[in-house]
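What follows is one structure encoded as structure tokens, with my remarks underneath.
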Amino acid sequence: MRMCSIASGSSGNCIYVGSDTTHILVDAGISGKKTEEGLKALGVKPAELDGIFITHEHADHISGLGVLSRKYGVPVYATRGTLKAIRDTSSLGKIDEGLFQEVQADTKIIVKDMILNPMRISHDAAEPVAYRIIHGKKKIGIVTDLGCYNDYTVECLKGMNALLIEANHDVNMLQVGPYPYSLKKRILGERGHLSNELSGQLLSRILNDNMQAVVLGHLSKDNNLPELAYETVRVEIAMADNGYKAGDFPIWVAKRSEVSEVIEIA
């Protein structure tokens, strides 16, 4: 099984996960053309996609969904609340109702040789979820857009072999930056986004001996820097009392608008 971020950031998100026989996207928040180019770089034809799993309805997660679903007839998986919000998003154009597949948190979905387990997250959207993806004994988690986490979050993410986790902002950069107060309050709130520090703290609670790769994603263009996210997360891991060090695991930062490193899960 492999995972690759085609784009990850506050301006657009699209993550590929695949096996020899199954190809899926988590979110389609960039243009159809850019998604096609990203898949081509991975040696995957868009027509081979078995599903697009949507985390929530914000534009940076669904803007390319209409084009992809119409052009290639790809099934769209999302919660009931998210599907309703997608239907109400006129900019996507008409999507065939037959392509919509409803998912529920904590109820698994089987797509060929993959099992997908949606999990609840705290974000200011209709009915948002993150996804855990299982292929044989291999497990990947893709968790962005959560303002906070709790014991349920930690329990859901135990035993992962690879993880793409949000490290959205540096708190100080956000506080002194140009955003209006209302937006700063939203981002810092419990239904906003994870800071670098919180990302590192969550990660510290779910590290395990079988973790093969960590990818930091959904970085803010205005309130973060890749180097800052990387170093802050490493410091949080070093400070945690869990027996692990930051150097025990490869840590990457997903590129904003380019295809990132391909993570192969052995």
Would you calculate the separation in nanometres between label points at residue 113 and residue 258, each defined as 7 Å from the Cα along the Cα-to-beta-carbon direction? 3.2 nm
Length gained, residue 151-residue 42, 0.36 nm per residue minus C-alpha separation, equals 35.7 nm
Thinking of the stretch 23-173 as a set of Cα atoms, what percent of all their pairs are more than 21 Å apart? 44 percent
Nearest 0.05, what FRET efficiency do residue 197 and residue 158 give at R0 = 30 Å with Cβ-Cβ as r? 0.90
Tell me the relative contact order for the chain as a rounded percent, counting alpha carbon contacts under 8 Å between residues six or more apart. 19 percent
Taking 0.36 nm per intervening residue step and subtracting the Cα-Cα distance, what contour gain separates residue 222 from residue 175 on full extension? 15.8 nm
Working only with C-alpha atoms, what are the Rg and Dmax values of the stretch 127-186, expressed in angstrom? 15.0, 47
Counting only protein heavy atoms with a 1.4 Å probe and every protein chain in place, the carbon and sulfur fraction of the accessible surface of the chain in whole percent equals 50 percent
Would you mind working out the magnitude of the charge dipole of the chain relative to its Cα centre, with +1 at each Lys and Arg C-beta and -1 at each Asp and Glu C-beta, to the nearest 20 Debye? 460 debye
How far apart, in nanometres, would the label points at residue 186 and residue 266 be if each is projected 7 angstrom from Cα along the Cα-to-Cβ direction? 4.4 nm
Excluding residues fewer than 8 positions from residue 245 in its own chain, the aspartates and glutamates with Cα under 20 Å of it are 166, 197, 209, 227, 231, 236
When we measure straight from the Cα of residue 108, which lysines land under 21 angstrom away, once same-chain ones fewer than 8 places off are left out? 84, 137, 138, 139, 158
Given a 1.4 Å probe, how much area per residue of the chain is accessible, in Å²? 43 Å²
Would you mind checking the radius of gyration and Dmax of the chain based on alpha-carbon positions, in Å? 17.2, 52
Which percent, nearest 5, of DSSP beta bridges in the chain are antiparallel? 55 percent
Please sort by residue number the GluC sites (Glu not before Pro) in the stretch 122-203 whose DSSP state is loop and whose Cβ has at most 14 other Cβ atoms within 10 Å. 190
First measure r as the distance between the Cβ atoms of residue 231 and residue 96, then evaluate 1/(1 + (r/R0)^6) with R0 = 51 Å and state the FRET efficiency to the nearest 0.05. 0.65
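The values are calculated or read from the model by the stated rules, or taken from the named source; none is laboratory data. Here the structure is a predicted model, which is why all the values come from computation and not from measurement. Positions of Cβ are backbone-derived with ideal geometry, glycine not excepted, and every protein chain shown enters the neighbour counts. Please note that ligands, DNA and RNA were not included when accessible areas were found on the heavy atoms of the full protein model with its side chains. Shrake-Rupley method; radii C 1.70, N 1.55, O 1.52, S 1.80 Å.
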